[in-house]
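First comes the structure, then the notes that go with it.
The values are calculated or read from the model by the stated rules, or taken from the named source; none is laboratory data. Since the model is a prediction, treat every value here as computed from it, not as a measurement. A quick note on method: Cβ atoms are made from the backbone with ideal geometry, for glycine too, and the neighbour counts reach across all protein chains shown. Note: accessible area is taken over every heavy atom of the protein model, side chains too, but ligands, DNA and RNA are not part of it. Shrake-Rupley method; radii C 1.70, N 1.55, O 1.52, S 1.80 Å.
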Amino acid sequence: MNWYQLTLDELFKKLRSNQFGLTTKEAALRMQHYGLNEIHEQKKCPPHIMFLNQFRDFMIIVLILSATIAGFFGDIIDTFIILLIVLINAIIGFVQEYKAEKAMEALNRMAAIHAVVIRNRIPTTLIATDIVPGDVVLLEAGNVVPADLRIVENHQLKVDEASLTGESIAVEKDSAPIGEESIALGDRKNIAFKGTNVVNGRGKGIVVATGMNTELGKIASLMTGDEVKTPLQKRLAVFGKNLAMIVLAICTIVFTVGLIRGEKPLLMLLTSISLAVAAIPEALPAVVTIALAIGAKKMVRQNALVRKLPAVETLGSVTYICSDKTGTLTQNKMIVEEVYIDGTNFYKKDALKETLNEKEKLIFMAMALSNDVSDYVGSRPIGDSTEIALLEMARAQGFNKNELEQLFPRVAEIPFDPERKCMTTIHKFNGEYISFTKGALDVLLQKTIGLTNEEKEKLLQTSQRMAADGLRVLAFFIKKTDKLPFPILHEKIESELTILGTAGLFDPPRQEVKQAIDECKTAGIKPVMITGDHPLTAYSIAKRLGIIESEDDKVFTGVELTAKSLQEFEEKVDHIKVYARVSPEQKLKIVKVLQNRGQFVAMTGDGVNDAPSLKKADIGIAMGINGTDVSKEAAHLILLDDNFATIVKAVKSGRRIFDNIRKFIKYTMTSNSGEIWTIFLAPLLGLPLPLLPVHILWINLVTDGLPGLALAAEPAEKGIMKRPPRPPNENIFAKGLGTHILWVGILMGSITIISQALEIRLNNPNWQTMVFTVLCLSQIGHVLAIRSETQSFFSQGPLSNKPLLGAAILTFILQLCTIYIPFLNTVFKTAPLSLHDLFITIGLSSVVFVAVEFEKIFKRALKNRAWGSGMLSANENI
Ligand code: ATP
């Protein structure tokens, strides 16, 4: 049996449902039978495989093998300890990876699609996974179809099925049964398929299949859950491979030199392999994912939901934020402030319903009837804020939408479209048809009849005055016909209109936005407004918010945008702060031109037509509350509160997370470089092997593990939003990172070797314990010092990153354990140090901390000099 062949009666019978949908109880029963409406993509990696993957690294396998071989020939305790350290390392790696995966799952769940379903006869918003066969779903432009639906009602319903059929032209849906037996998906005009996008109109459908039974479910096995790599991860992976070669070469030299010097081959083998394991930064790309995923999870608390992980990394590079006005910069709480009928402000008349004249009645009827807000008695209206304001205005004058619709049933409609900037509903009354059109006055005035030029001029003047006061101006029109044209085309219906009047709606700017805009400017980011509204309305709001500050800041309209060539537009683009009367398609042109100019663009959008520009933008941002599902699917980031200020917070978080990743790289790479220098240089300087394999692995474990990870908790650097955005292609080792790794690594290695040489000369039998401890503690000193790029550790406050301080103290205690617990002395071949030796060790280990603090003093001095000589602009930072 094919769903598309059934009549509606057969369909309802078969699905044991009706136009009013299911009850909650029935839906719960069906859920038990059919299960969740979800697509199971590629199999997830189960935890035990994720754990085993920790050992997949080539060098780790070599280490395990060599340790086992060494165990047969020599010290079994050594082998055991090496294997234990490898195991602990794997556990840490697994826990982190698992946490990151859970964080990503939580983010995905939050970004889940919702749908409006009729349950218990009331339209209810549900998570799409809760839908069951037999549910009745309401569809409107911007929805992603949540399950396979047989259409039962349609109003110019068009669905883009490209994701399923590859056909890029939207398909018009209807509810009529199809006679043929087997037809292609693309021809099933009365079925809307899960995962496709509603691009126009609205409709109602009954669920015929959910989850894996849908057409999308059937092809789910073809979908690949390709892991997206961030630019930084890609670069680090390449870098890691190159570095691995260098480390392996060094290890070979260490091994050969050791043999020549007469060391035991097995010991040399283990030493060089341990060094390779410790120094090859194979985990760096994974650590970046972990830092990004966990950072993204934290960003949810600030109402920024990350959909695509690379966005966290690239947020810090944003140079332009192109924001919608309504709801993002403003509160989206429209109120009607003025109503003009025949040139007079209606409010001033203080009129009662009974005393209203014909035209006055009609304009309020238009407000109520030409309106798509669901006005359910006893509940707050839900829908577009402009429409809610008009509905409430009509209600206040005694015009109730539901009552009116009984008298004037809606027989057809042409939905609102930001391109046309208007909408029309057609109602039947006394055998004739009345259509109400409402929309932008400047657009519709050309389609008006019965007005003299003078009257038109007067209308325009009033509306311009309202717009200059920051009001959105809507005009209302009526048209009567005795016959309905077929097909219903807007060109025919929205012509020869008679004006009823205009209304001015105010949407107050969000309070916190002004400060966020100031913050953008100090952070080197240009905030720009893009709106479908009138240029004067847009200008007024932009000025209040500080987006427009001077004569140089220009407003550009959609018409100019079309008229200008790309080159002309590019020449002006730097000065344009407001784009008004812009249609969603034109946003794409704006992104392209800005990107051509080398800008890194974040762009907001909420409508279905915004999807292309959101995809094209470097960071596409959708609205969590008022955004369509289609825009959310296209976006990198979703604002859960639709608030511009949240974008700025997200940029700040992005910068902080990136800084901390950089600090992590700085820390581990310097430590690795210190270890390499130590092991490599000592034999070349005629000294014995400074460290045993267990020492190297232990240092790698305790220092890279906890302290490194605690760097992720580092708060934002002072002045993080006072420096310019990071160029997106900037090398991670730029701005002194590479140099730091090199010189501090050499310093760390030198201090360790000096302590070795010194203590050997003094015939101290415990020299190796001291060398082992100096290298370990130097790394702890280093991590404390690099918490900030420029600020001193003390002015930052030791307690401002408690996890890191805790990790440093714990590592210190663990190291003392290896020195003073007799059992561990056997394991690590260490000896208890005298107090004198311990102080010397701690003193030597502090050198790195002090040196890095001096580096920061030097950086601060350089910065101040640059400020003094005006080399840096007010926004710049070193
Ligand atoms: P922004 O882009 O700043 O968020 P917006 O998205 O609200 O603004 P649009 O929705 O594209 O802008 O509206 C553009 C114009 O269309 C408005 O200025 C108004 O004249 C008209 N308009 C907006 N909403 C409606 C509606 N519900 N019915 C009829 N016309 C509307």
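Of all residues in the range 439-447, one or more are outside any strand (DSSP E or B), in contact with a Cys (Cβ under 7 Å, 6 or more places away or on another chain), within 16 Å of the ligand (Cβ to nearest atom) and in the same structural domain as Phe346 (by TED's automatic domain parsing). Taking Glu403, is it in a loop (DSSP other than H, G, I, E, B), within 30 Å of Leu489 (Cα to Cα) and either modelled with pLDDT under 90 or open to solvent by 60 Å² or more (accessible area, probe 1.4 Å) (or both)? Spelling it out, it is not the case that Glu403 is in a loop (DSSP other than H, G, I, E, B), within 30 Å of Leu489 (Cα to Cα) and either modelled with pLDDT under 90 or open to solvent by 60 Å² or more (accessible area, probe 1.4 Å) (or both). Can you tell me which residue in the range 290-335 is farthest from the ligand (Cβ to nearest atom), limited to those that are among the polar types (S, T, N, Q) and within 30 Å of Val95 (Cβ to Cβ)? Taking the candidates together, the pick is Thr314. Of the helices (runs of 4 or more DSSP H) lying entirely inside the range 753-866, those containing at least 3 residues that are in contact (Cβ under 8 Å) with a residue 40 or more places away in the chain and of a type in the set (Val, Ile, Thr) are 767-785, 802-820. Put simply, of Glu457, Glu413, Glu392 the only residue that is more than 38 Å from the chain's Cα centre (by Cα), away from the ligand (no atom under 11 Å from the Cβ) and charged (D, E, K, R) is Glu457. Ala283 satisfies every condition listed in (1) assigned by TED's automatic domain parsing to the domain that holds Ser385; (2) more than 16 Å from the ligand (Cβ to nearest atom); (3) buried (at least 18 other Cβ atoms within 10 Å of the Cβ) except (1).
The set of residues in the range 228-266 that are closer than 30 Å to Glu101 by Cβ and open to solvent by less than 60 Å² (accessible area, probe 1.4 Å) comprises Thr230, Pro231, Leu232, Gln233, Leu236, Ala237, Phe239, Gly240, Leu243, Ala244, Val247. Residue check: is Gly674 among the small types (Gly, Ala, Ser) and open to solvent by less than 10 Å² (accessible area, probe 1.4 Å)? In short, yes.
Across the range 469-508, which residue is modelled with the lowest pLDDT among those that are open to solvent by 50 Å² or more (accessible area, probe 1.4 Å) and over 20 Å from Leu444 (Cβ atoms)? Per the stated criteria, the residue is Phe486.
Can you tell me which residue among Arg544, Arg581 is in contact with a Pro (Cβ under 8 Å, 6 or more places away or on another chain), near the ligand (Cβ under 10 Å from one of its atoms) and not polar (S, T, N, Q)? On inspection, the qualifying residue turns out to be Arg581. Under the condition of being in a strand (DSSP E or B) and in contact with a Ser or Thr (Cβ under 9 Å, 6 or more places away or on another chain), the residues counted in the range 301-338 number 6. Of everything in the range 509-531 that is assigned to a helix (DSSP H, G or I) and more than 16 Å from the ligand (Cβ to nearest atom), the residue that is most open to solvent (accessible area, probe 1.4 Å) is Gln515.
Among the residues of the range 430-451, those identified as farther than 17 Å from Thr502 by Cα and either modelled with pLDDT under 90 or of a type in the set (Ser, Thr, Tyr) (or both) are Asn430, Gly431, Tyr433. Of the residues in the range 682-690, none is under 23 Å from the mean Cα position of the chain (by Cα) and open to solvent by 10 Å² or more (accessible area, probe 1.4 Å). Looking at the range 99-180, the strands (runs of 3 or more DSSP E) lying wholly inside it that each contain 3 or more residues that are buried (at least 18 other Cβ atoms within 10 Å of the Cβ) sit at 114-119, 136-140, 148-160. Does any residue of the range 765-780 turn out to be farther than 21 Å from Leu701 by Cβ and surrounded by fewer than 20 Cβ atoms within 10 Å (Cβ to Cβ)? Yes, some residue in the range 765-780 is farther than 21 Å from Leu701 by Cβ and surrounded by fewer than 20 Cβ atoms within 10 Å (Cβ to Cβ).
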